[in-house]
1. Being within 27 Å of GLN301 (Cβ to Cβ) and surrounded by 22 or more Cβ atoms within 10 Å (Cβ to Cβ), is that true of even one residue in the stretch 211-230?
2. Suppose we filter ILE197, ILE208 for residues that are within 11 Å of ligand 1 (Cβ to nearest atom), of a type in the set (Val, Ile, Thr) and touching a strand residue (DSSP E or B) at 6+ places or on another chain (Cβ under 9 Å); which single one remains?
3. Being in contact with a Cys (Cβ under 9 Å, 6 or more places away or on another chain), away from ligand 2 (no atom under 16 Å from the Cβ) and within 26 Å of LEU343 (Cα to Cα) narrows it down to one of ALA32, ALA8, ALA87, so name that one.
4. Being loosely packed, with under 15 Cβ neighbours inside 10 Å and near ligand 3 (Cβ under 9 Å from one of its atoms) is the filter here; which residues of the stretch 81-98 pass it?
5. Given the conditions (1) free of Cβ contacts under 8 Å to residues at least 24 places away in the same chain; (2) within 23 Å of ARG132 (Cβ to Cβ), which single one is not true for ARG15?
6. Out of LEU56, LEU44, LEU36, LEU67, I need the residue that is in contact with an Asp or Glu (Cβ under 6 Å, 6 or more places away or on another chain) and not β-branched (Val, Ile, Thr). Which one?
7. Please work out which residue is nearest to ligand 1 (Cβ to nearest atom), limiting yourself to the stretch 246-302 and to residues that are within 28 Å of GLN93 (Cα to Cα), β-branched (Val, Ile, Thr) and within 18 Å of the chain's Cα centre (by Cα).
8. Can you find a residue that is in contact with a Pro (Cβ under 8 Å, 6 or more places away or on another chain), farther than 24 Å from VAL313 by Cα and away from ligand 3 (no atom under 16 Å from the Cβ) anywhere in the stretch 99-118?
Amino acid sequence: MQALQLVAPGTIEVRDVPVPAIAPDEVLVRVAGAGLCHSDLHILHTPDWPALNVTLGHETAGHVAALGANVSGFAEGDPVLVYLVWACGVCRQCVAGRDNVCATTGGRLGLPPGPGLGPDGGMAEYIKVNQRFLEPLGDLDPVRAAPLADAGLTSMHAINGARHRLDPGATAVVIGVGGLGHVGLQILAATTGARLIAVDTSEQKLEIARGHGADLVIKTDADTAQRILDETSGYGADAVFDFVGVQPTVDLATQVIAPDGALRLVGLGGGGFPYRADAATAPLPWGVDVRRPYAGTRSDQRQVIDLAKQGKVSVDVTTYPLADGPRAFADLEAGTVPGRAVLVP
Ligand code: NAD
Ligand code: ZN
Ligand code: ZN
């Protein structure tokens, strides 16, 4: 079968590889769509990324093609989504519903394994998955649903962890209306009463934000922080979701977060800020809580699938044939993909 693999740091290739053989508790999924996440670009550009000759793709949906001997509850042809967090399921964190920070498989500084991040991922004709990590999709189209496995999951998790600051009357800022941001905006619009301000460098992305519930869109320039402060009587935004994480967006996030605000640094763009334990209120006002959320829990996954089934969340998808995967990577890098690129084998 064809698979898009990371063959060396900075190099991807669509290659011929064997169809995976499944173990008794595994399911072979015929891939319908595999989303391309900006994290795949970070992986591509990490000089010492450890998992080479691995199929990329951590946003996968498709149809059950074959069942291992011990698998029950699924039938051939069922549409399924592949949950990203392949956690142990039995440690203290997992049983408490925090499987995204699994103590056994991730540990203190690592991550639980996930498809395309160690094990082979979904940018292929087939993927093998332990049956524990499949979510039924019902009537959802797997091509359009695939990005719910990360763009949906991660934004749902970040928002669920900030709900105490998203009551009616609150203002939330979404920085970066890409794959994650355009889903995050829809989740905020569907599930909170907050006023939504979307920020991006691209006019095209701001147009998408307008269509997905933003009350105000701002194209970033030197005045963006002041503009947001003016919109909130100088007090700042109750929640800020930085779905980019480069230095200018981290600066913006810290400049506009309100006292007691929820600052959520989701993007992995390499920006940062110095924190000092003293009485100064720069870079952070009193009471701000900062979180760097990873992916999401199984419950977050179910919730965002449910929102999609209700028609309240839909991913703007641009499809590419799997063989054109490298072109999709180039387009994402150029910032020209609206919503999410999905590779279709
Ligand atoms: P994307 O490329 O689809 O979207 C990025 C968006 O940010 C684009 O709309 C772009 O125009 C905008 N942007 C770029 N620079 C900007 C700036 N200076 N100011 C405002 N907007 C700017 O990316 P994505 O797939 O949505 O991923 C976003 C980030 O989140 C990436 O860094 C990715 O690695 C990270 N991520 C983190 C997790 C996690 O678990 N923490 C999960 C998934 C993705
Ligand atoms: Zn991702
Ligand atoms: Zn665990």
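The values are calculated or read from the model by the stated rules, or taken from the named source; none is laboratory data. Quantities reported herein were computed from a predicted structural model and do not represent experimental measurements. So basically every Cβ, Gly included, is an ideal-geometry build from the backbone, and we count neighbours across all protein chains shown.
1. Within the stretch 211-230 (the criterion being within 27 Å of GLN301 (Cβ to Cβ) and surrounded by 22 or more Cβ atoms within 10 Å (Cβ to Cβ)), the answer is yes, since at least one residue qualifies.
2. ILE208
3. When all the criteria are applied, what remains is ALA87.
4. VAL90, ARG92, VAL95, listed by residue number.
5. The single condition ARG15 does not satisfy is (2).
6. LEU56 is the lone residue from the list that is in contact with an Asp or Glu (Cβ under 6 Å, 6 or more places away or on another chain) and not β-branched (Val, Ile, Thr).
7. VAL266
8. For the stretch 99-118, residues in contact with a Pro (Cβ under 8 Å, 6 or more places away or on another chain), farther than 24 Å from VAL313 by Cα and away from ligand 3 (no atom under 16 Å from the Cβ): absent.
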